[in-house]
Amino acid sequence: MLFGLGGKLADHVLLAAAAIALGILVALPVAGWASRSGTVARWSLGFASLVQTVPALALLALFFPILLSLRAVFGEGLPTLGFLPALLALALYALLPILRNAVTAQAHLDPGVIEAADAMGMTGWQKLRLVEAPLSAPYIMAGVRTAAVWTIGAATLATTIGQPSLGDPIFAGLQTQNWELVLAGCFAAAALALATDALLGTIQRGFAEKRRRLWLGGLLAVVAGVAAAAVSRLDIGGVDHDRTVIIGAKGFSEQYILARLIGQRLAAAGFRPEYRDGLGSAVAHSAVASGQIDVLVDYTGTIWTNQMKRADNPARGPMLDQIAEWEQRTSGTLVLGRLGFENAYGLSMRADSARALGIQSIDDLKGAAPSLVIGGDPEFFERPEWRSVAGSYGLTFAGQRTFSPTFLYDALQSGEADVISGYTSDGRIEADRLVVLADPRRAFPNYDAIMLVSPSARKDVALVGALRPLIGRIDVSAMRAANYAVDRADEKLSPDAAARQLADRIGL
């Protein structure tokens, strides 16, 4: 299929279908109860409305720490990433339109019809099955149609918690500025939503017109589509799951490239790599520590400040030693070693602007900061590193703006920001002729790229052996070149192609 979206489309269908089905299973009994109790109606609709005020991305992310805390009760087998948290969040998101339409339909049933049913001596169950349900069905289906479109759209965000979906090509395309990939993912999601709405509309019309063949045909078409998606994801070829390795990646180009480089090494050793892209820093680290993913490239400064909550800034060697000891003690995660380069946060400016203002270091920035706007990625201003830098140098800017890593450097070039929190291994620093301001007070910690292997995967000697040749092999110039090949080169490479080029450059 175009852009290899077949598997992502099937995953998306299964996730959305399961969420809608769960939403229906919860909403209909609650609606029946609410139709007989005003208090239940107010509370249930209020709760469903409250859920809708929470952004879908936040709702998905919130289920990760919730499930993580529940593992202490239900055991290590409870998944905290992927299908389960996405299912629960999306089912809640689908709840309101189904519940509201069901409650409204019940409230507007013709009282004469209900009285006639009572006069005939129908039991409560008979009245619900033979009278209320058929009359309410068209209105309930209208709610299901709305929920389905919402859910299919929101399911693209499941990528951020490790669930494969049509969000994978969208997020990957955004981070690597591959707009064809973005459009392919968007069009596929839109086509799926339109097709689903049309089929559910057929069912709704069949109910409204009391045409059994019409609604039954629409229902069979929906079931057939979901079944086809399920069959396409079955391991008919006999995949050996003992040889499947899940590789995590955060949401920027370097992580996509390194994940593919790791995957290529493992594939050559007989493993089957799978990727979980677009993860946030906290989610990614917790995922490898809990075994939800097997391998991750992380950065020493990120672990030091975000996970270990350390505010001091030791030298490179002692920091890595303490991180390795902490990972071993708290979760059993293996720190395999440094890859050989550092990707540090660094405040960057356009060379001409820095020269005009006489700024060479962050110390020099203090006087000019009140008239400048600083830009950062979505995490930067909430990270301890930023608080450390702002406090150490006494920085107060005129404005503070957040951009995705895709557009961070564009914001600097277009004048939307005067200073940005750039990444020192990013090829765009040299390409855009930027200046990384010196940090004489060492407010930023070291950010050596290190490879983490989960407590379960570290027991696989062949897996660890396949990864060891990467340790110490990637210098910053090689990583910058690979990043630039994906982000800005005239002939842009995919992360997979850039990873192969990087492997050739470092002799692997």
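FYI, it's all coordinate maths here, none of it is from the lab. Computed from a predicted model, the values in this text were never measured in an experiment. All Cβ positions, glycine included, derive from the backbone under ideal geometry; neighbour counts span all protein chains shown.
Numerical summary
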| read-out | value |
| --- | --- |
| Pairwise label distance in nanometres, R42 with T330, each label 7 Å out on the Cα-Cβ vector | 4.6 |
| Antiparallel DSSP beta bridges within the chain, percent to nearest 5 | 55 |
| Sites Q413 and K309 - FRET efficiency at Förster radius 51 Å, r taken between beta-carbons, to 0.05 | 0.90 |
| Extension gain, R433 back to L70 (0.36 nm per residue minus Cα-Cα distance, nm) | 125.8 nm |
| Per-residue Cβ neighbour rank within 10 angstrom, fewest leading, T53, T396, T305 | T53, T396, T305 |
| Rounded tilt (10° steps) of 83-107 against the dominant C-alpha axis of the chain | 30 |
| Distance histogram for the chain (every C-alpha pair counted, 20 angstrom bins, percent rounded to whole numbers) | 20, 47, 25, 7, 0 |
| Karplus 3J(HN,Hα) series, Hz, for segment 407-424 with 6.51 cos²θ - 1.76 cosθ + 1.60 (x for Gly, Pro) | 9, 4, 6, 5, 4, 5, 5, 8, x, 5, 9, 9, 9, 10, 8, x, 10, 5 |
| D321/A221 FRET efficiency (R0 56 Å; Cβ-Cβ; nearest 0.05) | 0.40 |
| 3J(HN,Hα) from dihedral phi, segment 174-186, Karplus parametrisation 6.51/-1.76/1.60, rounded to Hz, x for glycine, proline | 5, 5, 9, 6, 9, 6, 5, 5, 4, 5, 4, x, 5 |
| Selection from L279, M479, S69 lying farthest towards where the dipole of the chain points positive, charges on Cβ | S69 |
| Check: segment 2-232 dipole with +1 on Lys, Arg Cβ and -1 on Asp, Glu Cβ, in debye | 420 |
| Length gained when the stretch A269-A191 is fully extended (0.36 nm per residue, less Cα-Cα span) | 24.2 nm |
| Size-normalised alpha-carbon gyration radius of segment 2-232, reference 2.2 N^0.38 Å | 1.12 |
| With at most 16 other Cβ atoms within 10 Å, longest stretch of the chain clear of loop GluC sites (Glu not before Pro) (DSSP) | 210-415 |
| Rounded D (µm²/s) - segment 445-508, Kirkwood Rh over Cα pairs, Stokes-Einstein at 4 °C, 1.567 mPa s | 96 |
| Rh by Kirkwood over Cα pairs, then Stokes-Einstein D for segment 345-436 at 0.692 mPa s and 37 °C, µm²/s | 253 |
| Computed magnitude of the charge dipole of the chain (debye, nearest 20; Cβ of K, R +1, Cβ of D, E -1) | 980 |
| Size of segment 1-69 as Cα extents on the principal axes (Å, biggest first) | 51, 26, 22 |
| Cut-off under 5 Å, modelled amide H: who pairs with I246 long-range | E274, D294, V295 |
| Dipole magnitude of segment 345-436, debye to nearest 20 (Cβ charges: Lys/Arg +1, Asp/Glu -1, about Cα centre) | 180 |
| Trypsin sites (Lys or Arg not before Pro) restricted to segment 295-355 and DSSP loop, no more than 14 other C-beta within 10 Å | K309 |
| Listed residue (P97, A10, A457) projecting farthest to the positive dipole end of the chain, Cβ model | P97 |
| Whole-Hz couplings from phi, Karplus 6.51/-1.76/1.60, listed for segment 322-337; x for Gly and Pro | 5, 5, 4, 5, 5, 4, 5, 6, 8, 9, x, 5, 8, 8, 6, x |
